[in-house]
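Colleague: If you scroll down you'll find the structure; I have some questions about it.
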Amino acid sequence: MNSVEKKEITWEPLEKAIPVDLFKAEVLAWAKRIGVHSKEIHIRPMKRKWASCSSRGRLTFDTELLLQPARKRTEVIVHELLHLKIPNHGPVFRALFKALLSGKYK
Ligand SMILES: [Zn+2]
C-alpha cells in the first residue's frame, strides 16, 4: 500500500471539471470537423504540456485541461488534432488553426 503518495493528491471540486466523456465528445466532434481520425484519446496528468500526439494518431491530454475554460480546451484540442493533418507549426498549420477557431473553416 502506498499511503504516502495518496496524501499528495489534491482534489478539485467536482463542479469545476467537465466529465471525461464530455471532453472526449468534444475531441471527437472537432476531429470530425477537421477531417482527421484519432485512434486513441488518453487523459492523464502531464508535467510540461497540455497535450501531445504521436505519429500513429494517439492523443494524450493533461487531466488539468478538464478544469480549463471552454476556449482553452478548444485551443488545445484543435492544435493537437491539426497535427494529425500537419506535423509542424508552419504557415498552413497557423492559417487552419486560426480559421477553425474563428469559425470560418468549412
Ligand atoms: Zn504543436
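The values are calculated or read from the model by the stated rules, or taken from the named source; none is laboratory data. This is a predicted model, so every value here is computed, not measured. Positions of Cβ are generated from backbone atoms using ideal geometry, with glycine treated the same way; all protein chains shown enter the neighbour counts.
Colleague: For the range 36-67, give me each residue that is basic (Lys, Arg) and assigned to a loop (DSSP other than H, G, I, E, B).
Modeller: First pass over the range 36-67, keeping only residues basic (Lys, Arg): 39, 44, 47-49, 56, 58.
Answer for the range 36-67, where residues must be basic (Lys, Arg) and assigned to a loop (DSSP other than H, G, I, E, B): 39, 47, 48, 49, 56.
Colleague: For the range 39-67, enumerate the residues that are within 16 Å of the ligand (Cβ to nearest atom) and acidic (Asp, Glu).
Modeller: If the condition is that a residue be within 16 Å of the ligand (Cβ to nearest atom) and acidic (Asp, Glu), then 62 is the only one that fits.
Colleague: Please determine, by comparing only the residues of the range 35-79 that are more than 15 Å from residue 22 (Cβ to Cβ) and of a type in the set (S, T, N, Q), which one is farthest from the chain's Cα centre (by Cα).
Modeller: Restricting to residues being more than 15 Å from residue 22 (Cβ to Cβ) and of a type in the set (S, T, N, Q), the top hit is 55.
Colleague: Scan the range 68-106 residue by residue and report those that are within 15 Å of the ligand (Cβ to nearest atom) and in a loop (DSSP other than H, G, I, E, B).
Modeller: Listed by number, the residues that qualify are 84, 85, 86, 87, 88, 89, 90.
Colleague: Please list, ordered by first then second residue, the pairs with beta carbon atoms under 8 Å, 6 or more apart or interchain, first in the range 83-96 and under 20 Å from residue 38 (Cα atoms), second among the hydroxyl-bearing types (Ser, Thr, Tyr) and assigned to a loop (DSSP other than H, G, I, E, B).
Modeller: Cβ pairs passing all conditions: 84/38; 87/55; 96/105.
Colleague: Here are 90, 57: which of them is modelled with pLDDT of 95 or more and either loosely packed, with under 13 Cβ neighbours inside 10 Å or touching a Ser or Thr at 6+ places or on another chain (Cβ under 9 Å) (or both)? Spell out how you get there, then give the answer.
Modeller: Values: 57 fails: modelled with pLDDT of 95 or more.
It is 90.
Colleague: Continuing with this model, one more query. Could you grab the pairs with beta carbons closer than 6 Å, sequence gap of 6+ or different chains, first residue in the range 59-70 and of a type outside the set (Phe, Trp, Tyr), second one part of a strand (DSSP E or B)?
Modeller: What qualifies is 59/41; 59/53; 60/42; 60/52; 63/43.
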